[in-house]
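S.K.: Just passing along the structure, written as structure tokens.
FYI, it's all coordinate maths here, none of it is from the lab. Note that the coordinates shown come from a computational prediction; the quantities given were computed from them, not determined experimentally. Note that we place each Cβ from the backbone using ideal geometry, even for glycine, and neighbour counts take in every protein chain shown.
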């Protein structure tokens with residue numbers, strides 16, 4: 001039997017009471033780590049072989065000229081960057097659905113606008129990436145690795161073609177759904 005005052009209404013301790021007595025009261029309440037924890041910090045210069053992002057002193061950025069120089073330099077570690085890991089692990093923070101008959105006629109212009117939005121976002125944050133772009137008929141469906149890129153794409157289409165823009169942020173989450181239609 002457990003030590004201490006008996007709880008009214010209970011004769012024997014429950015399995016949880018026994019477990020907590022064995023490991024300690026506070027340990028039972030520690031939440032398990034997230035499924036995908038951030039990796040350990042690595043000193044030195046890191047280079048992503050997939051997207052050519054470079055990390056110096058824990059700061060990721062894009063620079064193609066420096067990437068070409070770092071490929072042959074000794075002591076450089078080739079590591080997959082967090083942006084590429086998010087795509088590989090299918091962790092998406094934005095969903096964009098563009099729907100209009102206009103998209104059927106001007107598909108190349110619309111896809112170019114989406115790529116330009118990604119290029120602009122990647123200059124400030126190399127992890128802002130398009131995970132997938134599916135264009136079918138009058139609709140384009142996009143998954144992004146950051147919510148800001150999803151909102152940026154919706155706002156660019158709203159500014160260029162007008163129409164109805166809906167941005168739905170989930171409370172307490174980092175996910176956003178963007179709907180644009182005309």
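S.K.: Test each condition in (1) free of Cβ contacts under 8 Å to residues at least 60 places away in the same chain; (2) part of a strand (DSSP E or B); (3) farther than 30 Å from residue 47 by Cβ for residue 179 and report the one that comes out false.
M.R.: Only one criterion in (1) free of Cβ contacts under 8 Å to residues at least 60 places away in the same chain; (2) part of a strand (DSSP E or B); (3) farther than 30 Å from residue 47 by Cβ is unmet by residue 179, namely (1).
S.K.: Mind listing whichever residues of region 124-150 are within 11 Å of residue 97 (Cα to Cα) and outside any strand (DSSP E or B)?
M.R.: 138, 150
S.K.: Given the conditions (1) under 28 Å from residue 171 (Cβ atoms); (2) touching a residue at least 24 places away in the same chain (Cβ under 8 Å); (3) touching a strand residue (DSSP E or B) at 6+ places or on another chain (Cβ under 9 Å), report the number of the one that residue 111 does not fulfil.
M.R.: (1)
S.K.: In region 42-84, how many are crowded, with 18+ Cβ neighbours inside 10 Å and not in a loop (DSSP other than H, G, I, E, B)?
M.R.: 9
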